[in-house]
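Undergrad: Before I ask anything, here is the structure I am working with.
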Amino acid sequence: MGQCYARNVHGVDADGGGGGVGATTITVSAAGAAEDAAEVGGGGGRGGGRRSGRPSPAGTPRGGRAGATPARSSAAGSPWAGSPLGLPDGIAPSPATSASTPRRFFRRPFPPPSPAKHIKASLVRRLGQRSPASASQAPKPPVEVPIPEHGAGASGAGEVERELDKSFGYDRHFAAKYELGKEVGRGHFGHTCLARARKGDMRGQVLAVKVISKAKMTTAISIEDVRREVKILKALSGHSNLVKFYDACEDALNVYIIMELCEGGELLDRILSRGGRYNEGDAKIIVDQILNVVAFCHLQGVVHRDLKPENFLFSTKDEHSPMKIIDFGLSDFIRPDERLNDIVGSAYYVAPEVLHRSYSTEADMWSIGVITYILLCGSRPFWARTESGIFRSVLRADPNFDDTPWQSVSPEAKDFVKRLLNKDYRKRMTAAQALSHPWLRDEHRQIPLDMLVFKLVKAYLRSTPLKRAALKALSRAVTEDELIYIRAQYNLLEPNSRDGRICIDNFRMALLQNSTDAMKESRTLEILNALEPLAYRRMDFEEFRAATISPYQLEAVSRWEEIASTAFEYFEQEGNRAITIEELAQEMNLSSAAYSIVRDWIRPSDGKLSFLGYTKFLHGLTMRSGNARRHN
């Protein structure tokens, strides 16, 4: 859910004194204090608690400057202890010549990132809605906004504290089941310890325990955050690149989340140990693992919302150890057509649409693009000295692909990163599509099932005959190489062996074969209701190809103009017909106010769609309003 007040905050355009050098996430303190703008985050973001220094299951928040996020207090020899990272006094600037993209080149270590917290909380503070005088007072949300879970606002932290029910219903026999070991990391909100199982199948096994203090749960939202994190970890199961969840316990003081111990350290540490970047071959192995587990999460209806190198741990210290994704504290369940609006994440990795408060799983793909950019060149694609500067860079600047070492990076790798760092989320690849990109393509690996296919088929079934003809022409214009992803998705639906066609049963079985409890929580299966027309007819590959072709994503490829031109020729032969302005507006569900726009899309000579009209018709007309992007 996240802390999301109704007050509109336009902090992304403000430059005023926000976050200092090296600030990677933004927050307000657990006590509600207005922290120094130069600090690296610290304190708790959600209603005065949850996002502050949250320890990872097997990796703890890194230290910052004095007064900011506490430094890691790892004991010597700890399986999670990496090389100590002090915050450098200065980092050599990128050799980039363009002044439009601020960033730093990692000739020295990354500034230690703080844990993920609510970006909006810092924006509110920067605009003066929380004064420094409130530092000694408990956090107080705006009174006009009730806490969604309870339907009533909080009149004060003390009152909320007395009324909160901090009983989670978890097992209360933690001490009997586990022997708690030494602390290996600490943050504002809790700490991470080693533990040894006392009984059961795991007896004697060393585990990681995330200890979350109930005293820091000062709002209903912070309690719900903990509850949802455990629910997501419990619901997501069965993927080799996802940290294993074993148990959740509680007592009067703490909540204990018991997970597998990952001893190999963070991806961030591996990047630093390699001098700040990976060679292209090794980067492929890392990105492939990230995409596989993210594709799994997205299909289940879970958006992570805080993908960054610190949230990927290696199972062992072996160089070729598999990676595990961790820290679902900011994650949420999401329906296929849902748009989220709470602003969360880490500043350097946050997607533009998150700052605009209308986003879905595509925001995770942006973060993967940032990680891949860092892996390949050692610098951040978007950088500034203040948090507001970072946001402006994310919203307006373009990543640099011209300077060293990009000259030695393959064109396929550059294209891969560019297609993930596209500011238009509709043009971004999904995780499954990224795995079929020429840079990562492996004919011996199965591409995972993609929820995008279900959404595109849903839209196709609701479209008009003219729109279907336009899409069919477009699908005929792409090459077989560009159809690899679509053909792989069709095969995953297991077409009928006799006629090679599919129906709604194929879609249903494909989802159920990949289903976990998370898919039920996110109500992903409800999308099958929109595919009901396929209960009465079958779809062959040619029609499936037309249904699942995406004009937006094709527009992001280098040969889009050639594809569109060829598609229009097919459309002229088979689908184009005379159409009035009123009919075209009705086809696109537009009001009479749009007549002046669509008039230019029709040829005066024969009343048919022109080439411009064809491409515009493929994309549709999007009104520039916040509500236009919300479709639940």
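Undergrad: Restricting attention to the stretch 477-527, which residues are among the charged types (D, E, K, R) and more than 26 Å from Trp439 (Cβ to Cβ)?
TA: Glu494, Arg498, Asp499, Arg501, Asp505, Arg508, Asp517, Lys520, Glu521, Arg523, Glu526
Undergrad: Turning to a different aspect of this structure: Could you run through the stretch 317-330 and say how many residues are modelled with pLDDT under 95 and crowded, with 20+ Cβ neighbours inside 10 Å?
TA: 5
Undergrad: Among the residues of the stretch 169-204, how many are in a strand (DSSP E or B) and either of a type in the set (D, E, K, R) or crowded, with 17+ Cβ neighbours inside 10 Å (or both)?
TA: Qualifying residue count for the region: 16.
Undergrad: Could you say which residue among Leu267, Leu207, Leu236 is buried (at least 21 other Cβ atoms within 10 Å of the Cβ), farther than 30 Å from Pro411 by Cα and under 25 Å from the mean Cα position of the chain (by Cα)?
TA: So the residue among Leu267, Leu207, Leu236 that is buried (at least 21 other Cβ atoms within 10 Å of the Cβ), farther than 30 Å from Pro411 by Cα and under 25 Å from the mean Cα position of the chain (by Cα) is Leu236.
Undergrad: Given the criteria without any contact (Cβ under 8 Å) to a residue 60 or more places away in the chain, surrounded by 18 or more Cβ atoms within 10 Å (Cβ to Cβ) and not hydrophobic (A, V, I, L, M, F, W, C), does Tyr246 qualify?
TA: Yes; evaluated as a whole, the condition is true for this residue.
Undergrad: Let me ask something else about it. Could you tell me which residue of the stretch 397-417 is nearest to Leu449 (Cα to Cα), considering only residues that are outside any loop (DSSP other than H, G, I, E, B) and touching a residue at least 24 places away in the same chain (Cβ under 8 Å)?
TA: For the stretch 397-417, the residue satisfying everything is Phe416.
Undergrad: What about Ile290, is it surrounded by fewer than 24 Cβ atoms within 10 Å (Cβ to Cβ), among the β-branched types (Val, Ile, Thr) and closer than 26 Å to Lys414 by Cα?
TA: no
Undergrad: Name the single residue, out of those in the stretch 427-451 being charged (D, E, K, R) and surrounded by fewer than 22 Cβ atoms within 10 Å (Cβ to Cβ), that is nearest to Leu493 (Cα to Cα).
TA: Filtering the stretch 427-451 for residues that are charged (D, E, K, R) and surrounded by fewer than 22 Cβ atoms within 10 Å (Cβ to Cβ), the one nearest to Leu493 (Cα to Cα) comes out as Arg445.
Undergrad: For a quick check of your reading of the model, give me the residue pairs whose first member lies in the stretch 583-595 and is of a type in the set (S, T, N, Q), whose second is at pLDDT 85 or above and in a helix (DSSP H, G or I), with beta-carbon atoms closer than 9 Å and at least 6 apart or on different chains.
TA: Ser591/Ala585; Ser592/Glu582; Ser592/Ala585
Undergrad: What number of residues within the stretch 548-561 are loosely packed, with under 14 Cβ neighbours inside 10 Å and either touching a residue at least 60 places away in the same chain (Cβ under 8 Å) or closer than 20 Å to Leu452 by Cβ (or both)?
TA: 1
Undergrad: Based on what the data block shows, is Ser393 over 25 Å from Asp481 (Cα atoms), touching a residue at least 24 places away in the same chain (Cβ under 8 Å), surrounded by 20 or more Cβ atoms within 10 Å (Cβ to Cβ) and in contact with a helix residue (DSSP H, G or I) (Cβ under 7 Å, 6 or more places away or on another chain)?
TA: no
Okay, residues lined up against (1) in a helix (DSSP H, G or I); (2) of a type in the set (Ser, Thr, Tyr):
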site	(1), (2)
Ala594	yes, no
Arg599	yes, no
Pro604	no, no
Tyr614	yes, yes
Leu618	yes, no
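Undergrad: Suppose we keep only residues that are part of a helix (DSSP H, G or I) and touching a strand residue (DSSP E or B) at 6+ places or on another chain (Cβ under 9 Å) within the stretch 533-567. Which one would you say is farthest from Ala488 (Cα to Cα)?
TA: By that ranking, first place goes to Leu534.
Undergrad: Given the condition in a loop (DSSP other than H, G, I, E, B) and buried (at least 24 other Cβ atoms within 10 Å of the Cβ), answer yes or no: does some residue in the stretch 355-368 qualify?
TA: Yes - at least one qualifying residue is present in the stretch 355-368.
The values are calculated or read from the model by the stated rules, or taken from the named source; none is laboratory data. Bear in mind that the values here come from a model prediction, so they are computed numbers and not experimental data. Here Cβ is always computed from backbone atoms with ideal geometry, including for glycine, and neighbour counts include all displayed protein chains.
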